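Reading through the structure tokens given below for one structure.
The values are calculated or read from the model by the stated rules, or taken from the named source; none is laboratory data. Just so you know, these numbers come straight off a predicted model, no measurement behind them. Here the Cβ is made from the backbone with ideal geometry for all residues, glycine too, and neighbour counts use every protein chain on show. All accessible areas refer to the heavy atoms of the entire protein, side chains included, with ligands and DNA or RNA removed. Shrake-Rupley method; radii C 1.70, N 1.55, O 1.52, S 1.80 Å.
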Protein chains: 6
Amino acid sequence: MRPSGRAADEMRQVEMIPGYAKHAEGSCFVKFGDTHVLVTATFEQKAPPWLRDTGKGWVTAEYGMLPRSTHSRMSREAARGNQTGRTQEIQRLIGRAMRAIVDLTALGERQIRIDCDVIQADGGTRTASISGAYVALKQCCDWLYNEGFIERHPLTDTIAAVSCGIFEGQAVLDLDYDEDSAASTDANFVLTGSGGIVEIQGTAEEEAFSEEEFLRLLRLARIGCTEIGKTQKQVIG
Amino acid sequence: MRPSGRAADEMRQVEMIPGYAKHAEGSCFVKFGDTHVLVTATFEQKAPPWLRDTGKGWVTAEYGMLPRSTHSRMSREAARGNQTGRTQEIQRLIGRAMRAIVDLTALGERQIRIDCDVIQADGGTRTASISGAYVALKQCCDWLYNEGFIERHPLTDTIAAVSCGIFEGQAVLDLDYDEDSAASTDANFVLTGSGGIVEIQGTAEEEAFSEEEFLRLLRLARIGCTEIGKTQKQVIG
Amino acid sequence: MRPSGRAADEMRQVEMIPGYAKHAEGSCFVKFGDTHVLVTATFEQKAPPWLRDTGKGWVTAEYGMLPRSTHSRMSREAARGNQTGRTQEIQRLIGRAMRAIVDLTALGERQIRIDCDVIQADGGTRTASISGAYVALKQCCDWLYNEGFIERHPLTDTIAAVSCGIFEGQAVLDLDYDEDSAASTDANFVLTGSGGIVEIQGTAEEEAFSEEEFLRLLRLARIGCTEIGKTQKQVIG
Amino acid sequence: MRPSGRAADEMRQVEMIPGYAKHAEGSCFVKFGDTHVLVTATFEQKAPPWLRDTGKGWVTAEYGMLPRSTHSRMSREAARGNQTGRTQEIQRLIGRAMRAIVDLTALGERQIRIDCDVIQADGGTRTASISGAYVALKQCCDWLYNEGFIERHPLTDTIAAVSCGIFEGQAVLDLDYDEDSAASTDANFVLTGSGGIVEIQGTAEEEAFSEEEFLRLLRLARIGCTEIGKTQKQVIG
Amino acid sequence: MRPSGRAADEMRQVEMIPGYAKHAEGSCFVKFGDTHVLVTATFEQKAPPWLRDTGKGWVTAEYGMLPRSTHSRMSREAARGNQTGRTQEIQRLIGRAMRAIVDLTALGERQIRIDCDVIQADGGTRTASISGAYVALKQCCDWLYNEGFIERHPLTDTIAAVSCGIFEGQAVLDLDYDEDSAASTDANFVLTGSGGIVEIQGTAEEEAFSEEEFLRLLRLARIGCTEIGKTQKQVIG
Amino acid sequence: MRPSGRAADEMRQVEMIPGYAKHAEGSCFVKFGDTHVLVTATFEQKAPPWLRDTGKGWVTAEYGMLPRSTHSRMSREAARGNQTGRTQEIQRLIGRAMRAIVDLTALGERQIRIDCDVIQADGGTRTASISGAYVALKQCCDWLYNEGFIERHPLTDTIAAVSCGIFEGQAVLDLDYDEDSAASTDANFVLTGSGGIVEIQGTAEEEAFSEEEFLRLLRLARIGCTEIGKTQKQVIG
């Protein structure tokens, strides 16, 4: 029995508001239940220096949490003067995930910068970020194409992410905070709309897990990402 | 004629949503037109070390802007590794303003930490922050009182803030971004509900201003703060 | 009765030694009583990057205190690895004040960098800094003009600053440390020689102040700045 | 055909020198072919503050690369003033892996600190680090037990790690630098001696991968970790 | 022929003003010609943590240069966020020199903190700092003794420092900036009043030097330090 | 009697392995007894900016210690976010020493970067670093010459370094850790093969030393550097 009363393969309520941020080229306010993330996509005319004369562009990401997005307040990273290892790990993951569905040559020597800021946290902030980032990125690329900056649309697929884990001996989909902090195994999956795996991260929190358990989590992740994909399609077409 | 079509003494639409943040002891999502700030108040059982054995508590504030809250993206302070001088100036101002209406002895050796995070910026983020911070602080103090942490309610007054400026030769209330970036004089006022002045900051952007002009701005500020105070009262009682 | 025995509208002894620093293009050792600040003005052939191709120059300022300029030693900012919020606030103020009287177009794409270093502190370091910075800046601009770097003299006015406050219920001019740490209201004024207001900063330390009180402080500030202006004129012509 | 001429399921030469560091409580110089890592384990009498009064200890890890351990020199992290996101990600992984086989209660309120420093890099530095860290940790725990610091030996299993990837369409074991930089999918596996999975990290570098491909990599990882385990057993018993 | 016209064994004009800083327990404004340094000594009731329960105290030093103390402006260390290697090297040297003449047991578990701030630089700032630091330290120790903080006077000797070098083939005493930047060998000597050597630092700037040359420099240093010692004695007794 | 049983003028066993690092243009693993340092020399096509259009190149050095190279673990400088004063002092010394025997004009506008990383420490890490750096630098310069990057070989001499000190009243050569931590005077000497002195650093740890004592240390240093020079010649020709 899950604390939220959900079935093992049941997602939290997923909601996405594209165009939430007035100034950004693309944006999405994404909710996985009580986890709320504001994602923006910013277009920059200049690619990073190491791509000079390659004809290729780049997509990168930054991630942050508002200090009181969490149960007890976290210290503000800007005030402490650096980003934690966790923050860096997550923003590297988001960037890799986005680049997996972008034709960087179609983008040309330009950069799209994804910002994921957690407004409220209740587990699964990195997977909500990736799922919302797709919408912001799509909106930004549409804008680039419509404005004539690029000739080909650079997106090659859709992408979504979800966490799964083993909670009280049972494989469950889309962990909330209560489950996340008690799960014996915790895994994040990033999957494309066409069924490919882009990223798998599985971690044994207490005791090692087996191949069978891991495959069960992957199966749940497919269910979750399909559902997220439907919401993405609804809001961004 | 103001770009927004407002009258010289007309505020933007002010909206306040108390209790917006699920986890915080007090919170307020405040909008001054397109300027949106999420304010949270966090209660901490421990006062800063320099207050040990004084019987007094503290109220402090931190301020930040989401990177793409602005027209063009600002670099993320956490990634750069420090807070700009502007950020520090603003968070010091917010903290002083809140302390002006708190009986620190009634609070006891505890601390309330105000976080103001700008979700969207269109001018006046510091004054919206202060105005919203009052609501979050009030909510937090009510909670402290109701939970029995304190015996006396520590708030001694209400407080609100607004910016005024001289735009195209005319004194106007509550500058939005278009006005702010073109104003010849820019001033921020923090006023208590009982009419006292807590903070005045007036800056000549291009040419020096006169005492008369300054008094005209102060008069507008009184109008604005009265209106903000009405909204505060509506939402927090 | 003021601790120093001064009348309410009486400045401390103001002294200015222009050309104190051997290497700088302009400099002034300024004393407001026991508050001593060394100000230098450094000319740089290059304006900041954001002014490229605008034909305009820039004036900026940095501020610091020697660790034992104060009653009890402050930690050295260079050793701690950053400047405090107070330091940044003050150096931003000094820079704005100087730019208010400089025709940046007459300066061309060059920069003048003002350094204010507090050798001894006894209240009012920021206003002494601004008042002395005018002398250093003037000396530097004279040098630029005489050396033929610029064709028009870029200064458009003179400028001075002084602090005032309400000490034991009385409005007094030019607070020293004893008064500053006990004042209920503390205000800094930056005024031009022609009578305009460039910057006003008024802060209630304990209880809010009224418009009348504030105007009384402004009146004192006019007296103080006039007197400072006389000293400036004496030493720099 | 692999650049090194190895079979698809063939590890590089694995060599481990326990007790390499004169001063450390445990140490191992580990070689996976031309990848050389010096691992030390340092015993500290004090656990981190958050474990006070829990009766539990901690194992943590730090990771670094000598600047010229790589083909072209990397900037020294100590000189730049921070650790990269990659470094932090790796050291977090090493720490989690070690904790997965340690009974933290048996350790008591003490800490073991693992340092992994890459002397020479040729792909797979994080998996060589983990595999060598086991030996250093075992040596350190043996010492603790023999010296009478602890009453029960805290290790609950053995642990090893290896990378696998899809190189030119073929699943191969233990990627060296040439393969790593050209692989379309890259995965790291951390497995216990008893066959459990502690950590899985799979990343599509260019195109998404399938479940079948992933399972093929996992099978190779089992072969590799078994072989590493034999070397561990040989050198540390 | 030296640029300044001085004889080879002639010091610049040495001047020392003890008690220059109003707030410090000890201070000295020291001039070696155009090199001006303000030294303060601050007494702290607490020794560094590593001396707890040893009954011993500590003397430490910090060093800084005002940005425009030099010919061309140096960037402000506080603004850059760290101290250069040169700064750290110098402040470590000053601290060691002072501790060489202090009986740390007589000081008890307390600390004296020496701050050397270069107001104007013309070569030899570190040796002027050490020579002036002796005066500030002496004044501080006298105060400690007179106030009854300590029972025995902790100073065991006097100390002075001077630089010598080989300039245009000739060994000369007390290098000024013009000589310093052209000298082929540059050496700093810290000598006690009783003739002992506390610190020697000799560096070949262009070509290696011989033992004979080095001894010639040492002989000049003895002349210089004797002269500095006379001034110290004059001003502090 | 020395703790190691060595004679007063007896070096520890000196061993040098040139070409230890696979990727570097020059390298040397140097051992002075239990002090082990890995030195690499990296060639860079670009000189530092301040040498632009001078036709001259540069040699610079960086130094680090593995955290557990020492008896008790030191904190990792990369994790702390800065290099200690000691580290900076040592790397500046190594750089100066190398430049003393390099014709920077023969190098052209290029840079050689020396990295000295202490794998195990037992006293004398800076002198072992310099002695080994000569070998790495020589190997790098040979490579540059053989590859045709430069037309003249830039090395003008050989160089070696050793520490000496006064231990229990006796002048001894090549201090190990036990001696170093108990020596009353500690001195480092950097000498060229042709007998010149490049750097002398002598420090009184407890009581001042005399000229005679210092000359005795210098004489020992000559013996030590001659011996080190023989090993250098053996391994690099």
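It is to be established whether one or more residues within segment B:178-188 are charged (D, E, K, R), closer than 19 Å to B:VAL135 by Cα and touching a Gly at 6+ places or on another chain (Cβ under 6 Å). Looking through segment B:178-188, none of the residues is charged (D, E, K, R), closer than 19 Å to B:VAL135 by Cα and touching a Gly at 6+ places or on another chain (Cβ under 6 Å). Got at least one residue in segment C:42-57 being within 23 Å of E:TYR177 (Cβ to Cβ), at pLDDT 95 or above, β-branched (Val, Ile, Thr) and not in a loop (DSSP other than H, G, I, E, B)? Looking for residues that are within 23 Å of E:TYR177 (Cβ to Cβ), at pLDDT 95 or above, β-branched (Val, Ile, Thr) and not in a loop (DSSP other than H, G, I, E, B), one finds at least one in segment C:42-57, hence yes. Only residues that are closer than 19 Å to F:MET74 by Cβ and within 9 Å of another protein chain (Cβ to nearest Cβ) were counted across segment D:29-45, and they come to 5. Annotation note: Cβ proximity below 7 Å between a residue of segment D:203-216 that is closer than 15 Å to A:MET98 by Cβ and a residue that is in a helix (DSSP H, G or I) and modelled with pLDDT of 95 or more (sequence gap 6+ or interchain) occurs for D:THR203/A:ARG96.
Looking for something within 12 Å of chain D (Cβ to nearest Cβ), of a type outside the set (A, V, I, L, M), crowded, with 20+ Cβ neighbours inside 10 Å and not in a loop (DSSP other than H, G, I, E, B) - is there at least one such residue anywhere in segment A:60-79? Steps first, please.
So in segment A:60-79, the residues within 12 Å of chain D (Cβ to nearest Cβ) come out as A:60-63.
Imposing the further condition that a residue be of a type outside the set (A, V, I, L, M) reduces the set to A:60, A:62-63.
Applying the additional criterion that residues be crowded, with 20+ Cβ neighbours inside 10 Å yields A:62-63.
Add one more test, that the residue is not in a loop (DSSP other than H, G, I, E, B), and what stays is A:62-63.
The answer is yes, given that some residue of segment A:60-79 is within 12 Å of chain D (Cβ to nearest Cβ), of a type outside the set (A, V, I, L, M), crowded, with 20+ Cβ neighbours inside 10 Å and not in a loop (DSSP other than H, G, I, E, B).
The residue of segment B:169-185 that is nearest to the other protein chains (Cβ to nearest Cβ), among those that are within 16 Å of the chain's Cα centre (by Cα) and farther than 17 Å from B:GLY229 by Cα, is B:ASP176. Regarding D:THR54, is this residue over 24 Å from D:ASP142 (Cβ atoms), open to solvent by 10 Å² or more (accessible area, probe 1.4 Å) and within 14 Å of chain F (Cβ to nearest Cβ)? So D:THR54 does not fit the description; no.
Condition test on F:SER4, is it open to solvent by 30 Å² or more (accessible area, probe 1.4 Å), in contact with a Lys or Arg (Cβ under 8 Å, 6 or more places away or on another chain) and not aromatic (Phe, Trp, Tyr)? Quick ask: steps written out before the conclusion?
Working: open to solvent by 30 Å² or more (accessible area, probe 1.4 Å): yes; in contact with a Lys or Arg (Cβ under 8 Å, 6 or more places away or on another chain): yes; not aromatic (Phe, Trp, Tyr): yes.
Answer is yes for this residue.
Would you confirm, using the coordinates I've provided, whether E:ARG110 is modelled with pLDDT of 95 or more and open to solvent by 30 Å² or more (accessible area, probe 1.4 Å)?
Numbers: modelled with pLDDT of 95 or more: yes; open to solvent by 30 Å² or more (accessible area, probe 1.4 Å): yes.
When the stated conditions are applied, E:ARG110 passes them.
For segment C:90-107, the set of residues classified as outside any loop (DSSP other than H, G, I, E, B) and either away from chain B (no Cβ under 14 Å) or open to solvent by 10 Å² or more (accessible area, probe 1.4 Å) (or both) consists of C:GLN91, C:ARG92, C:ARG96, C:ARG99, C:VAL102, C:LEU104, C:THR105, C:ALA106, C:LEU107, listed by residue number.
Table: residues versus (1) of a type outside the set (A, V, I, L, M); (2) crowded, with 21+ Cβ neighbours inside 10 Å; (3) modelled with pLDDT under 95; (4) assigned to a strand (DSSP E or B).
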| site | (1), (2), (3), (4) |
| --- | --- |
| C:ARG12 | yes, yes, no, no |
| C:GLU15 | yes, no, no, yes |
| C:ALA21 | no, yes, no, no |
| C:VAL30 | no, yes, no, yes |
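Taking residues in segment B:64-75 that are closer than 17 Å to B:THR127 by Cβ, and partners anywhere that are of a type in the set (Lys, Arg) and assigned to a loop (DSSP other than H, G, I, E, B), the pairs with Cβ atoms closer than 8 Å and at least 6 places apart or on different chains are B:GLY64/A:ARG76. Can B:ASP115 be described as within 14 Å of chain A (Cβ to nearest Cβ), in a loop (DSSP other than H, G, I, E, B) and among the acidic types (Asp, Glu)? For B:ASP115, the condition - within 14 Å of chain A (Cβ to nearest Cβ), in a loop (DSSP other than H, G, I, E, B) and among the acidic types (Asp, Glu) - is not met. Taken together, D:THR84, D:THR60 contain a single residue that is in contact (Cβ under 8 Å) with a residue 24 or more places away in the chain and among the hydroxyl-bearing types (Ser, Thr, Tyr), which is D:THR60. Take the conditions (1) crowded, with 18+ Cβ neighbours inside 10 Å; (2) of a type in the set (S, T, N, Q); (3) more than 9 Å from chain A (Cβ to nearest Cβ); D:THR87 misses just one of them, which is (3). Only residues that are at positive phi, free of Cβ contacts under 8 Å to residues at least 60 places away in the same chain and small (Gly, Ala, Ser) were counted in segment A:1-54, giving 1.
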